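Shown next, in structure tokens, is the structure this report addresses.
The values are calculated or read from the model by the stated rules, or taken from the named source; none is laboratory data. From a predicted model like this one, the values you see are computed outputs, not experimental measurements. Please note: Cβ atoms are built from the backbone with ideal geometry, for glycine as well, and neighbour counts cover all protein chains shown. For accessibility, only protein heavy atoms count, side chains too; no ligands or nucleic acids. Shrake-Rupley method; radii C 1.70, N 1.55, O 1.52, S 1.80 Å.
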Amino acid sequence: MNSNQNARNVTSRSTVATLKRRLRDCISSDDYVEVIHALVATGDRAAIRVLASLLDSSGPIGEESIAGLITFGEAAIPAMRECVESLDYEMIRHGHRVLAALGDETSKQWLRDDDAERILAYLERKGFSELAAWIFLLSANETDEPNEVA
């Protein structure tokens with residue numbers, strides 16, 4: 001690595017560290033989104049861990065973090081594997097969303113199952129227990145395989 005590349009890497013890491021500190025001063029979602037965009041714009045892999053730390057957020061903060069992490073491609077996978085092992089539901093779900101967007105079939109299935117569970121729980125809360133059970137049975141038998149006729 002030549003001295004110019006070294007200087008760029010040091011500058012980039014310094015920028016990521018500065019942006020990470022700026023997150024502490026964010027008050028609104030707009031403030032966070034501005035910093036998230038700046039982190040992604042660095043293109044530095046160090047930004048992945050910072051963005052991953054925001055996946056416990058919902059709304060624009062979570063959405064922009066997900067979009068930013070996807071731009072890092074396969075480099076984001078190790079951090080997302082850690083997120084899906086978290087104890088925080090939002091972080092787990094958002095980690096699976098990034099992995100699914102990067103082509104991970106297990107995460108795609110996890111999201112389908114989670115969506116079905118969320119719909120079922122909602123219907124049960126609203127008093128549609130029989131409908132919820134029927135939908136659950138239908139979704140449990142659903143596959144991507146074509147139906148065969150005997």
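Residues in region 61-70 that are over 9 Å from the mean Cα position of the chain (by Cα), among the hydrophobic types (A, V, I, L, M, F, W, C) and open to solvent by less than 10 Å² (accessible area, probe 1.4 Å): there are none. Within region 49-82, track down each residue that is over 14 Å from ALA17 (Cβ atoms) and among the β-branched types (Val, Ile, Thr). If the condition is that a residue be over 14 Å from ALA17 (Cβ atoms) and among the β-branched types (Val, Ile, Thr), then ILE61, ILE66, ILE70, THR71, ILE77 are the ones that fit. Among the residues of region 106-130, those that are of a type outside the set (D, E, K, R) and open to solvent by less than 70 Å² (accessible area, probe 1.4 Å) comprise SER107, LEU111, ALA116, LEU120, ALA121, LEU123, GLY127, SER129.
For beta carbons closer than 7 Å, sequence separation of 6+ or different chains, a first residue in region 39-53 that is farther than 15 Å from GLY73 by Cβ and a second that is charged (D, E, K, R) and open to solvent by 10 Å² or more (accessible area, probe 1.4 Å), the qualifying pairs are ALA46/ARG13; VAL50/LYS20.
Quick grid of which residues meet (1) under 10 Å from the mean Cα position of the chain (by Cα); (2) open to solvent by less than 50 Å² (accessible area, probe 1.4 Å):
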residue	(1), (2)
VAL35	no, yes
LEU39	no, yes
LEU55	yes, yes
GLY59	no, yes
ARG81	no, no
LEU87	no, no
MET91	yes, yes
ALA100	yes, yes
